[in-house]
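Take a look at the structure set out below.
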């Protein structure tokens, strides 16, 4: 690889933001503040150079797979397009949140397995590092073989524990934010024969492309697995620990839930819904993840915690794209404009914080010896940053130069 020296940019260093030079070679950062002799020079004057973004949970790729309900596109087309979107948004490392559930359709085990195979096949053609978050629905026992094989992939995936099955079986008077821990005897169930249960699952049946009667029969059969779920969770967590895979719990509402998942090695709390598990996570040095769209839109679309408030209260370590890749940059910009934290701390939410949460010790900071995952961007005062170039392990994955439109006045 050609030695590259970025000159004149304002650089996001681990503890400071200063104008300096950064030199990269062989995919790594090799010098900060040195001479440019022998290197290809990139003019960064008027621009910012920062660690590239790391997205720990993004499922926007599903829109490339199924752009309209029931309309599927080939995996190669969808993944190649998604990879380019990631690079254009400054994301050099991503964890595709691949749901492995018991429902047929987009989030079925069969389609998940096919996507894993396609991602492996396409790896030499991708511009950024595409990893997986194995988003396991804990009642989907049929996914276990697929997950065990995926845990042996060259790029170790993350494992997230999701239980939307129990969430859908909660009592009708209980909001999703106030539900008890799913494994607890205090979890209050709805009457399966209540007509409201059918109404609650109409959208799920449509997503699965099943008649509602057939879907409800399948749900009833799957719900009978409940006594075995705890043992399955513990067994799979043991296998994930053995390969060093980071593990996450999802949508925690109770301290009891956070303690349970911490006990099995899931030390990342993803999208906690109430304050108690978020504070418990902080007290035990767990990493806390919130979604960037929550910040960009001014709050949670389902009435949960405000991610912006969590950042200000230092109860957020990581911002994920969730369902919209551009939201990561937009969230940092909004938090900066609202002065929720200093700019270095805000940028760490999309770089160093995700690296820590995913156990990626080789990236996330601009420091000598770190992987050369970098973004060059313009960031006018009061505006959203725009990516000019993204470098993944020293390779230029994306580059763009805006038109000089002149003055229209």
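The values are calculated or read from the model by the stated rules, or taken from the named source; none is laboratory data. Small disclaimer: the values here were computed from a predicted structure and weren't measured. Counting neighbours? That spans all protein chains shown, and the Cβs are built from the backbone with ideal geometry, glycine included.
Odds and ends about this structure:
- Condition broken by residue 94, with the remaining ones in (1) touching a helix residue (DSSP H, G or I) at 6+ places or on another chain (Cβ under 9 Å); (2) under 20 Å from residue 324 (Cβ atoms); (3) outside any strand (DSSP E or B) satisfied: (3)
- Against the list (1) more than 25 Å from residue 329 (Cβ to Cβ); (2) at pLDDT below 95; (3) in the same structural domain as residue 381 (by TED's automatic domain parsing), the condition residue 25 fails is (2).
- Residue 228 buried (at least 18 other Cβ atoms within 10 Å of the Cβ) and either touching a strand residue (DSSP E or B) at 6+ places or on another chain (Cβ under 7 Å) or at pLDDT 95 or above (or both): no
- Pairs with Cβ under 7 Å, 6+ apart, first in the range 226-251 and farther than 14 Å from residue 163 by Cα, second in a helix (DSSP H, G or I): 236/144; 236/147; 239/148; 246/357; 247/237; 247/240
- Single residue of 160, 180, 123, 150 found to be touching a helix residue (DSSP H, G or I) at 6+ places or on another chain (Cβ under 7 Å) and at pLDDT 95 or above: 150
- Test: residue 142 is out of contact with any helix residue (DSSP H, G or I) (no Cβ under 6 Å at 6 or more places or on another chain) and at pLDDT 95 or above: no
- Within the range 145-198, the set of residues being free of Cβ contacts under 8 Å to residues at least 12 places away in the same chain and surrounded by 19 or more Cβ atoms within 10 Å (Cβ to Cβ) is empty.
- The set of residues from the range 122-137 being closer than 15 Å to residue 371 by Cβ and part of a strand (DSSP E or B) comprises 129, 131.
- Residues that are closer than 10 Å to residue 105 by Cα and not in a helix (DSSP H, G or I), drawn from the range 195-210: 208, 209, 210
- Failed criterion for residue 354 (all others in (1) in a loop (DSSP other than H, G, I, E, B); (2) buried (at least 24 other Cβ atoms within 10 Å of the Cβ) hold): (1)
- Qualifying residue in the range 70-90 (condition: in contact (Cβ under 8 Å) with a residue 60 or more places away in the chain, crowded, with 24+ Cβ neighbours inside 10 Å, touching a helix residue (DSSP H, G or I) at 6+ places or on another chain (Cβ under 7 Å) and not assigned by TED's automatic domain parsing to the domain that holds residue 376): yes
- Selected residue (criterion: farthest from residue 275 (Cα to Cα)) from residues of the range 165-177 that are part of a loop (DSSP other than H, G, I, E, B) and in contact with a helix residue (DSSP H, G or I) (Cβ under 7 Å, 6 or more places away or on another chain): 172
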